[in-house]
């Protein structure tokens, strides 16, 4: 039972929250009342949960020695010695295989989602092996993972992604990515535990990029809201609050700037996200009580 829990921890199910982005096209294309569209989106979500877990395992195998020196990452199953690399490799292979195979359930939308999923996996493996050592490019690779989730969600239900929404996701993703790098730069005190690429960043640069991306992402979202259902403009103040609260929480040392940790450690932030989702639903679908 203990080994099973270690395998589950290795898969990082807590990070599946990132795959919620797959449902964004479903929500904003006003297909949330279509059972077929919901089913396809859930299949796509499952595909990316499998593949993302496989990617995390590959990353943990590559980063094992570095993680052992990190104040937080040293508790990961491979770094702590609770799961050996061979077992982890077998699990990663199974997860990739299961994820790619599950795209067959998408029927005529299988091919576009499969292409995006394969590209997502290859990009992240390349990131784990090489690209994460290239300053700035490493941040764009992480942000690209969020964007690919959006496009996979759109491809799964046969919907296109609008330009303003694409730009909003890009800037929002970079905001969180630079925030994560800032947390690693500011709060990891042991120089041996700091990633080499993080050492190449300047703390002021990362802070300024966070503020820049936060402001621009709000602007792009506001422009999208004005071209969407008229009432969606009233969600803009909530988005500003979410970004401001996230920005403040990301400066907390306990999170090391990790987006998932930031979100789960702030109940007010979680509440604001649910409020945004609730408002979006009633405005997009004309649900009045």
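Can you give me the number of residues within region 80-100 that are in a helix (DSSP H, G or I) and in contact with a helix residue (DSSP H, G or I) (Cβ under 9 Å, 6 or more places away or on another chain)?
So the answer is 14.
Which numbered condition in (1) at pLDDT below 85; (2) closer than 19 Å to residue 150 by Cβ is the only one that residue 183 fails?
(2)
Okay, residues lined up against (1) within 17 Å of the chain's Cα centre (by Cα); (2) at pLDDT 85 or above:
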| residue | (1), (2) |
| --- | --- |
| 37 | no, yes |
| 41 | yes, yes |
| 55 | yes, yes |
| 65 | no, no |
| 68 | no, no |
| 73 | no, no |
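Considering each residue of region 192-208, count those that are in contact (Cβ under 8 Å) with a residue 40 or more places away in the chain, in contact with a helix residue (DSSP H, G or I) (Cβ under 8 Å, 6 or more places away or on another chain) and either assigned to a helix (DSSP H, G or I) or loosely packed, with under 15 Cβ neighbours inside 10 Å (or both), and give that number.
Adding up the residues that qualify gives 2.
Being surrounded by 17 or more Cβ atoms within 10 Å (Cβ to Cβ), in the same structural domain as residue 15 (by TED's automatic domain parsing) and more than 22 Å from residue 260 (Cβ to Cβ) narrows it down to one residue among 155, 117; which is it?
That would be 155, the only listed residue that is surrounded by 17 or more Cβ atoms within 10 Å (Cβ to Cβ), in the same structural domain as residue 15 (by TED's automatic domain parsing) and more than 22 Å from residue 260 (Cβ to Cβ).
Please work out if residue 112 is surrounded by fewer than 19 Cβ atoms within 10 Å (Cβ to Cβ), under 30 Å from residue 284 (Cα atoms) and either in the same structural domain as residue 151 (by TED's automatic domain parsing) or touching a strand residue (DSSP E or B) at 6+ places or on another chain (Cβ under 9 Å) (or both).
Against the criterion (surrounded by fewer than 19 Cβ atoms within 10 Å (Cβ to Cβ), under 30 Å from residue 284 (Cα atoms) and either in the same structural domain as residue 151 (by TED's automatic domain parsing) or touching a strand residue (DSSP E or B) at 6+ places or on another chain (Cβ under 9 Å) (or both)), residue 112 qualifies.
The values are calculated or read from the model by the stated rules, or taken from the named source; none is laboratory data. If you're wondering where the values come from, they're calculated on a predicted model, not measured in any experiment. Don't worry about glycine lacking a Cβ; one is built from the backbone with ideal geometry, like all the others, and counts go over all protein chains shown.
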